[in-house]
Amino acid sequence: MSVTEKDVRAAAPSNAPEDVIAWVAKIAELATPDAIEFCDGSQEEWGRLTQLMVDNGMFTRLNPEKRPNSFLARSLPSDVARVESRTFICCEKEEDAGPTNHWADPKEMKAILKEKFTATMKGRTLYVVPFSMGPLGGPISQLGIELTDSPYVVCNMRIMTRMGAKAMDLINEGRLWVPAVHSVGQPLEPGEKDTAWPCNDEKYITHFPETNEIWSYGSGYGGNALLGKKCYALRIASTMARRDGWMAEHMLILRLTRQSDNKQFHVTAAFPSACGKTNLAMLQPTIPGYKVETVGDDIAWMRPGPDGRLYAINPEAGFFGVAPGTSYKTNPMAMDTMRTNTIFTNVALTDDGDVWWEGIDGDVPEHLIDWHGKDWTPESGQPAAHANSRFTTPASQCPIICPDWEAPQGVPVDAILFGGRRATNVPLVAEQYSAAHGVFIGASVASEVTAAATDVKAGSLRHDPFAMLPFCGYNMADYWGHWLEMQAKLGTAFPKIYQVNWFRKDENGKFLWPGYGDNSRVLDWIVRRSAGEVEAINGVTGRYPHFEDFNLDGVDVGKAEWDKMYTIDPDAWAAEADSTEEYFSQFGDRLPQAIKDQLTALRARIAAA
Ligand code: GTP
Ligand code: SPV
Ligand code: MN
């Protein structure tokens, strides 16, 4: 028996407006779920849905004494990360999606989706998930409703967004909301038993920026299925932001307080997926005199404020962080955040019912259940946790969450960092020569590919401008143009841009820079630069610190290591410039002149080096 409009009406809470009911009824008619549920975000609902998943085998309840109210899910090996080759921008003109996105004609894609979604929710419950990206009712915040047949998605959305009745209240006030439809794509016949991780081999992650719609089919995983996150807060929001004069970015936000003068300094930073945003956002400074507080770890929405400065909010309410490599040594604040109320996906399970992954503290256990659900011993020769295994955990539980992390108007941004994973060429930190040079720095970022997407070869170097390659909802060259326009609008109030690289290696493949908490030394230099307290060297790729000015007390980096981090090989950089030029050439006439000029200027500096 499938759900009728009458059933939708009967299930809807009193604050669900007529247009929402009509839309839900239309999707229910297409997808034919067996049941319908409007989510209110309550504790009761969380308890019921997590128990439902424990009962049907999708969740393992972790030992309540070790990890209260926390759960482990294991996905299928085919559904462990974002699928970039199945991610589509569906706008009228192909050139508006640009050469770096997969494009599909909106009408043709709608026809495919109509077929795929027909009876896709058979045997399942359709959950209606109203949510706010950003603090409820805030001037920079935005609303959406995700329809999904996955209780895993509901529970993750409850952590990652402000989900439930209060979001529906705002929708009921008549504010704009984005409709987002999701199905795992695995209907159930009567009496058929569900699998532990339903999904479909065929996947469609689709965006309609001209009508603000999202449709996602076939995957249950993070960035493919939690539609408030990458689909809305980056791909759709980036197109909204361009239209309305703001910015939606793949950036962490942190507050740095210098204790000597109590000066607050807010930094945003864009690094490609699995390249250190969560870690920098929760940094524990290894130098005295600074305090870091976390505002966000993945996405920033930024708008000009009344004083003409740029203000940033974190649209999310939780962290969907990379587990491997996270430990009390590397990121103690993340470890403390996830002590309770956390969903783990594709990590290993210990014999006493807790979680484990490569790089976590302590000795490697003699026995584990790995992310496939199989027995594992150190002799197994395979990682016990998937390289892209993740924790979903409430931001409010972070011990150093910034007191203003939910400030509706955001925090004023003082500096913007761009980085990537570069074993060679790129020095530790470089400051922009000019605003346009800052945009050039962002546009020319290349990074070694990580495990955050399934269908690109890990380890290979690829261009990932602004860490937005998989997330920009329109033509990338137009996006650079939008950055230049925002800079022109804000003038000298626009934050200064820095290029950073924590990942340069020596000839033996060892990291030259200790990273993590020691990245506070880079922030310290940036603060002192902005206060006009230190000079800089005019280098090939930007302005570099003087070795003497840089705080290296208590760290094993001497002049020899420093010089290695700052070696600029003109031949290697000429090859970089060639690669950048070739990458830029795909944008043709859309490439802003100011960016072309910056490439010419870089070549001149390389030639003079
Ligand atoms: P997404 O959530 O995919 O957007 O990733 P993210 O940018 O938040 O990445 P995250 O901070 O989770 O870091 C991913 C990996 O980089 C982890 O394995 C970290 O241990 C490692 N990492 C982070 N910071 C540093 C650093 O300063 N130095 C080194 N060597 N590794 C780092
Ligand atoms: C990323 O890949 O940049 C992530 C994880 O933050 S996901 O939500 O899966 O996109
Ligand atoms: Mn990310």
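The values are calculated or read from the model by the stated rules, or taken from the named source; none is laboratory data. Note that the coordinates shown come from a computational prediction; the quantities given were computed from them, not determined experimentally. Heads up, the Cβs are rebuilt from the backbone with ideal geometry, glycines too, and the neighbour counts pull from every protein chain shown. Side chains included, ligands, DNA and RNA excluded: accessible areas come from the protein's heavy atoms. Shrake-Rupley method; radii C 1.70, N 1.55, O 1.52, S 1.80 Å.
Of note:
- For segment 184-203, the criterion of being in contact with a Gly (Cβ under 9 Å, 6 or more places away or on another chain), touching a residue at least 60 places away in the same chain (Cβ under 8 Å) and part of a strand (DSSP E or B) is met by no residue.
- Checking P139, P179 one by one, the residue that is part of a loop (DSSP other than H, G, I, E, B) and either more than 25 Å from M247 (Cα to Cα) or open to solvent by 10 Å² or more (accessible area, probe 1.4 Å) (or both) is P139 and no other.
- Contact annotation: residue pairs with Cβ atoms under 8 Å, 6 or more positions apart or on different chains, pairing a residue in segment 220-236 that is closer than 13 Å to M133 by Cβ with a partner that is part of a helix (DSSP H, G or I) and more than 15 Å from ligand 1 (Cβ to nearest atom), are L226/V153; L226/M157; G228/M157.
- Answer from E5, E84, E44 - the residue that is touching a strand residue (DSSP E or B) at 6+ places or on another chain (Cβ under 6 Å) and either more than 18 Å from T393 (Cα to Cα) or surrounded by fewer than 20 Cβ atoms within 10 Å (Cβ to Cβ) (or both): E84
- Total residues in segment 292-338 satisfying the condition of being more than 16 Å from ligand 3 (Cβ to nearest atom) and assigned to a loop (DSSP other than H, G, I, E, B): the figure is 10.
- Checking each residue in segment 352-380 for being farther than 26 Å from S78 by Cα and open to solvent by 40 Å² or more (accessible area, probe 1.4 Å) picks out D352, D361, G362, D363, V364, E366.
- Test: residue in segment 429-452 that is under 23 Å from G321 (Cβ atoms), of a type in the set (G, A, S) and open to solvent by 10 Å² or more (accessible area, probe 1.4 Å): yes
- Checked against (1) open to solvent by 30 Å² or more (accessible area, probe 1.4 Å); (2) among the small types (G, A, S); (3) closer than 27 Å to R303 by Cα, G222 passes all but a single condition, namely (1).
- Any chance G459 is at positive phi and at pLDDT below 95: yes
- Residue that is most open to solvent (accessible area, probe 1.4 Å), among those in segment 197-210 that are in contact with a helix residue (DSSP H, G or I) (Cβ under 8 Å, 6 or more places away or on another chain) and not aromatic (F, W, Y): E210
- Some residue of segment 265-276 being polar (S, T, N, Q) and surrounded by fewer than 24 Cβ atoms within 10 Å (Cβ to Cβ): no
- Among residues of segment 250-265 that are hydroxyl-bearing (S, T, Y), those with a Cβ under 9 angstrom from a residue that is at pLDDT 95 or above and part of a strand (DSSP E or B), sequence gap 6+ or separate chain, pair up as T257/Q264; T257/F265; T257/Y290; T257/K291; T257/V292; T257/E293.
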